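Engineer: Could you have a look at this structure, given as structure tokens, before my questions?
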Amino acid sequence: MSDQNKSEKHRLAMVKQKANVDAAIANANRQQSVVVFLTGNGKGKSSSAFGMVMRALGYGQRVGVVQFIKGQQKSGEELYLEKFCPQVFFYQMATGFTWDTQNRDADKAAAEKAWQQALLLLNNNSFDLVVLDELTYMLAYHYLDETEVIAALKNRPAEQSVVVTGRGGGEALRAVADTVSEIKEVKHAFRTGIMARKGVDY
Ligand code: ATP
Ligand code: MG
């Protein structure tokens, strides 16, 4: 095919693509808040959620974050928000990983306490964006009641969007979410012995 033919073929393909995109944009004409659920085994769930935190803050929106799993050390996003965004509500569950603590009662109590914080956000219409990071594990371990969690997501303020992250997560969570992304692990550096890295992994 000559270069001229290639260019013409490309132009026609772009015209068609633009028509498709324009039609899709015209179709999405409702203004409404959303529940975004980020799941799957690949890396990028929590960091995507914190990307949305940054977006919301850029517009001066009010943001609340509840983390349902506590890491060994403070994450970069936590340090940053503490230092530069004291207006962001930030609560981290007060226990370690369940396979570290091995104390179901203490973990369950901590999960419930964190959920009470989440409920305060989910009942407060001044919050534009709420992140419930690693919430799925609380459901998987039955530390929290799934029906109650789903009801709270459904009954949130009309203008409030929520991001839920974590591997797994049942059908009910997928059903209540407007956007669900499953991040697939293609590779992870950790599997070849590379240590988790500051600024990348935490
Ligand atoms: P991130 O916080 O980097 O966006 P994530 O939220 O998708 O990751 P989690 O399951 O919450 O993933 O795990 C958090 C930590 O575990 C991060 O340090 C991340 O790099 C690491 N991690 C994520 N996926 C994998 C994987 N498939 N294998 C090993 N480590 C992983
Ligand atoms: Mg995560």
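Every number here is computed from the coordinates shown, using simple stated rules; none is lab data. All values reported here derive from a predicted model rather than from experimental measurement. Every residue, glycine as well, gets a Cβ built from its backbone with ideal geometry; the counts of neighbours run over all protein chains shown.
Engineer: Taking the chain as the reference, fit the longest principal axis to its C-alpha atoms, fit the long axis of helix 45-58 to the helix C-alpha atoms, and give the angle between the two in degrees, 0 to 90, nearest 10.
Structural biologist: Approximately 80 degrees, to the nearest 10.
Engineer: Sticking with this structure for a sec: Which residue fluctuates most in the GNM of the chain (Cα springs below 10 Å): ALA28, ALA140, ALA13?
Structural biologist: With Cα springs under 10 Å in the chain, the top fluctuation among ALA28, ALA140, ALA13 is at ALA13.
Engineer: Can you give me the Cα centroid spacing of region 115-135 and region 74-97 in angstrom?
Structural biologist: 14 Å
Engineer: Also: Which listed residue (SER7, GLY42, GLN87) has the Cα farthest towards the positive end of the charge dipole for the chain, taking +1 on Lys and Arg C-beta and -1 on Asp and Glu C-beta about the Cα centre?
Structural biologist: The one lying farthest along the dipole's positive direction is SER7.
Engineer: To continue, here is another question. Convert each backbone phi in region 149-154 into a coupling constant with the Karplus relation 6.51 cos²θ - 1.76 cosθ + 1.60 (shift: θ = phi - 60°), then list the ³J(HN,Hα) values in order as whole Hz, x for Gly and Pro.
Structural biologist: Listing the rounded values in order: 5, 5, 4, 5, 5, 5 Hz.
Engineer: Let me ask another. Search the structure for amide H atoms under 5 Å from the amide H of VAL162, placed 1.01 Å from N in the peptide plane, and list their residues when 5 or more places away or on another chain.
Structural biologist: VAL34, VAL35, VAL36, VAL130
Engineer: Fewest first, what order do LEU144, LEU12 take by the number of other Cβ atoms within 10 Å?
Structural biologist: The fewest-first ordering by Cβ neighbours comes to LEU12, LEU144.
Engineer: Let me ask something else. Quick query: amide H of ILE69 versus all other amide H atoms, modeled in the peptide plane; which residues come in under 5 Å with a sequence gap of 5 or more or a different chain?
Structural biologist: MET93
Engineer: Taking a cut-off of 20 Å between Cα atoms, list the lysines near LYS18, but don't count ones fewer than 8 places away on the same chain.
Structural biologist: LYS6, LYS9
Engineer: Assign unit charges at the C-beta atoms only (+1 for Lys and Arg, -1 for Asp and Glu), then state the dipole size of the chain relative to its Cα centre in Debye, rounded to the nearest 20.
Structural biologist: That gives the chain a dipole magnitude of about 760 debye.
Engineer: Which GluC sites (Glu not before Pro) in region 97-202 sit in a loop by DSSP (not H, G, I, E or B) and have at most 16 other Cβ atoms within 10 Å of their own Cβ?
Structural biologist: Filter output for region 97-202: GLU159, GLU185.
Engineer: Cross-link candidates for LYS43: which lysines have Cα within less than 16 Å, leaving aside residues fewer than 8 places away along the same chain?
Structural biologist: Within the straight-line cut-off, LYS43 pairs with LYS184, LYS187, LYS198.
Engineer: Suppose the Debye formula is applied to equal point scatterers at every Cα of the chain; what is log10 I(q)/I(0) at q = 0.08, 0.10, 0.14 Å⁻¹?
Structural biologist: -0.35, -0.51, -0.88
Engineer: In whole Hz, what ³J(HN,Hα) sequence does region 75-82 give by Karplus (6.51, -1.76, 1.60; θ = phi - 60°), x for Gly and Pro?
Structural biologist: 7, x, 5, 5, 4, 5, 5, 4
Engineer: Moving on to the next point. Sorted from fewest to most neighbouring beta carbons within 10 Å, what does the list ASP201, ASP107 look like?
Structural biologist: By the 10 Å Cβ count, ascending: ASP201, ASP107.
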